[in-house]
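Input: a single structure, listed below in structure tokens.
The values are calculated or read from the model by the stated rules, or taken from the named source; none is laboratory data. As the structure is a computational prediction, the values presented were derived from the model and not from experiment. Please note: Cβ atoms are built from the backbone with ideal geometry, for glycine as well, and neighbour counts cover all protein chains shown.
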Amino acid sequence: MDTTPYLPRPKVAVGNGLRTLSLFNKPGGPDKEIRWNEGFRQACARQSGRFDANKLCHSGDDPDKILFAVALKSWYGDGSSSVEITYVEPTRQPPSLDYQLVLQRAGFMPDRIVQQRKIMAAVDAESRQMREEARARSAWQLMRERGRAVCQDRDGVRYFGFVEDFTESRMKVSVTRAYFIRSPAFAPGNFRPEVIWTGPVGWFPCD
């Protein structure tokens, strides 16, 4: 006797450049999700593709070409469970905007955009570092003055002190007090006044 659970026909919806198939498989649960995942992985492999952790099937010829996308969700209630399966595939190439939006929601980012963002992030980081170095040089010129009030922020605490002496690259600071930046009326319990020799990095003139 065949005891295979009844699998209803999927509901099919056709959109702008994509086709969506959705159905409930009952009973469901984690084991069923694993089986569905393996089934889609094999279906992707039959098309010489690669099925990734985001449940996207990448073409073997072009990783930025997504052959289909899958979403699985388990439902529990009334002592039973089911798995909701949604399968989306393009119906034309190049893919429509609607299909690209489906892929973006699934976590897909074309490699060219990933590389562009890496380049932009590197440029921004370099520019930020140059600005910080320029600001530090300017601040160092101002801090090279005996009696100058200087501050340093570290782990949410602002340390306040005065410059007692300095060399070309270091300064002697008498750190007199510390307080929480978000709550200036309160000081960390382990703070003790101290005199230190330090480089200028992280310090800035303060009132």
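Would you confirm whether or not region 82-98 contains a residue that is without any contact (Cβ under 8 Å) to a residue 12 or more places away in the chain and either part of a strand (DSSP E or B) or surrounded by 15 or more Cβ atoms within 10 Å (Cβ to Cβ) (or both)?
no
In region 30-68, how many are over 19 Å from Pro95 (Cβ atoms), of a type outside the set (A, V, I, L, M, F, W, C) and crowded, with 16+ Cβ neighbours inside 10 Å?
3
Across region 69-81, which residue is modelled with the highest pLDDT among those that are surrounded by fewer than 16 Cβ atoms within 10 Å (Cβ to Cβ) and polar (S, T, N, Q)?
Out of the qualifying residues, it is Ser74.
Looking at Ala125, Ala139, Ala134, Ala43 in this structure, which one is in a helix (DSSP H, G or I), in contact (Cβ under 8 Å) with a residue 12 or more places away in the chain, closer than 30 Å to Met171 by Cα and not polar (S, T, N, Q)?
Working: Ala125 fails: in contact (Cβ under 8 Å) with a residue 12 or more places away in the chain; Ala134 fails: in contact (Cβ under 8 Å) with a residue 12 or more places away in the chain; Ala43 fails: closer than 30 Å to Met171 by Cα.
Just a single option satisfies the conditions, and that option is Ala139.
Conditions (1) under 17 Å from Asp64 (Cβ atoms); (2) at pLDDT 85 or above; (3) more than 26 Å from the chain's Cα centre (by Cα); (4) acidic (Asp, Glu), marked per residue:
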{"site": "Tyr99", "(1), (2), (3), (4)": "yes, yes, no, no"}
{"site": "Val114", "(1), (2), (3), (4)": "yes, no, no, no"}
{"site": "Arg131", "(1), (2), (3), (4)": "no, yes, no, no"}
{"site": "Ser138", "(1), (2), (3), (4)": "no, yes, yes, no"}
{"site": "Asp155", "(1), (2), (3), (4)": "no, yes, no, yes"}
{"site": "Phe162", "(1), (2), (3), (4)": "no, yes, yes, no"}
